[in-house]
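Contents: one structure, followed by commentary.
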Amino acid sequence: MYESPLKDSHRRVLERLLEHRREHARQAEEVRGGEADRSGVLSEGSLETVPWGMVGEDSAPVCEIVLDYGELEGEYAALRRGIAVFDRPDRAVIELRGADRIDLLDRLVTNKVPESEGVVGAFVLERTGRISSDMRIVVMKDRVLLDLDRTDAAVVTTRLDGFIFAEDVEARHLGESHHRIDCLGPDAPGSVEHLLGMSVPGGGAVEVEIDGGSVVAFALEEGGGSCTGEPGIGLLAARGEIEALWERLLSTPAPGRRPGRPIGWNAYNIARIENGRPLFHLDFGPDALPHETGLIPIRVNFRKGCYPGQEVVARMEARGGGRGRRGVVGLRPDEDGLPVAGAQVFDAERGIEHQIGIVTSSTISPLRGAQPIAFATVRASHMDPGSRVLVNADGRTVPATVTNLAFEQPTDKEEE
């Protein structure tokens, strides 16, 4: 199992937070003039993590991700208002070099690979049209970086090797030698510029040398955004050098900006669900077709050249009206219960004897007044926004409305 080189840094973050709570408790005790209730405040605590990358019943996790540091509200606020720094042991990077790197990659993926510098998302498909990987393609002057789920890195590396015959292309898996972190939030671009001494283009990447080591900084999405809906920049560096970058982001803020705050999966997950962004291996998997993901507009280019699985994708677009037999949708329960991943979704009229889908992700949304929202994969018959369903939530079966991935329900004008 891959271990993050930031494990000691995570523990130090937790220790600093615990000491802050102890100091707060001591101050409260002085103000009250007596013994304050410090239950739970002075405990040493432990860092909670979640296994990542188990794609089958007998599989082992590829890594562990920090859930949070015990202050989820503060972490979420940092992501929305300042800068959040997120450790990404779940991501791996493959580097392509050689004169034919763009041409070869363009023949493998569903989106058009920029000929010059740029960032774009794309699927790698099987010839059956099923998804092998969902990746971020970072095109630089002298190389291309493929940023993808660590679970898929070995498969994609093998696919690349199978495509290389006489082409001038060298593929190198950096998953063990290098490490990734994300900088997210409104202050992320300015803070990263302060760290690097130069800005990161909204749709590109830069490479700089810091203390003798190379750091690559790249936009997480075209235009400089991220799947959380906030600006986002990825940092890639050698394992032995990433800790120094992490500590600088937390301790040396840009003038007029807050220091970076470390966040875990929980804050990141809330934000990406609120932003309507399904994830591979969570909301759809290797058995899904691109048209079943809700990501066709930002993952597939219908004007580019051939790639494995293209015929299936083109046929579904032409004959199926751009819809598969199932698809990822948004759900908004009518009541306060939160449906969790794995909860069943039923037809509202036929009841619990007619299952039509399953919940894949969910959260209580701060941006929507603490209302529960969820992603679910449902049959095509129930994919239209406004469709009524039933869903299991907190031990009850509650009514819910199908929405688009932005959790917007159709207006009366749209329904007319």
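The values are calculated or read from the model by the stated rules, or taken from the named source; none is laboratory data. None of the values given here were measured: they were computed from a predicted structure. Note that each Cβ is placed from the backbone with ideal geometry, even for glycine, and that neighbours are counted across all protein chains shown.
Some notes on this structure:
- Selected residue (criterion: surrounded by the fewest Cβ atoms within 10 Å (Cβ to Cβ)) from residues of segment 361-389 that are under 15 Å from Ile270 (Cβ atoms) and either of a type in the set (Val, Ile, Thr) or outside the structural domain of Val329 (by TED's automatic domain parsing) (or both): Ile364
- One residue alone among Gly309, Gly321 is at positive phi and exposed (fewer than 14 other Cβ atoms within 10 Å of the Cβ), and that residue is Gly321.
- Which listed residue is over 18 Å from the mean Cα position of the chain (by Cα) and of a type in the set (Asp, Glu), from Asp187, Asp134, Asp182, Asp149: Asp187
- Restricting Glu167, Glu75, Glu71, Glu117 to those that are in contact with a helix residue (DSSP H, G or I) (Cβ under 6 Å, 6 or more places away or on another chain), acidic (Asp, Glu) and modelled with pLDDT under 95 reduces the list to Glu167.
- Contacts under 6 angstrom Cβ, first residue in segment 101-123 being closer than 12 Å to Arg136 by Cβ, partner acidic (Asp, Glu) and assigned to a strand (DSSP E or B), 6 or more apart: Phe123/Asp134
- Strands (runs of 3 or more DSSP E) (entirely within segment 126-226) containing at least 1 residues that are surrounded by fewer than 18 Cβ atoms within 10 Å (Cβ to Cβ): 170-173, 205-210, 213-219
- Within segment 251-299, being over 30 Å from Val113 (Cα atoms) and among the small types (Gly, Ala, Ser) holds for Ser251, Ala254, Gly256, Gly260, Gly264, Ala267.
- Per the listing Ala99, Ala28, Ala92, Ala36, the residue uniquely surrounded by 13 or more Cβ atoms within 10 Å (Cβ to Cβ), modelled with pLDDT of 95 or more and small (Gly, Ala, Ser) is Ala92.
- Flag if Pro339 is assigned to a loop (DSSP other than H, G, I, E, B), touching a residue at least 60 places away in the same chain (Cβ under 8 Å) and surrounded by fewer than 20 Cβ atoms within 10 Å (Cβ to Cβ): no
- Out of Glu247, Glu317, sole residue that is assigned by TED's automatic domain parsing to the domain that holds Glu209 and touching a residue at least 60 places away in the same chain (Cβ under 8 Å): Glu247
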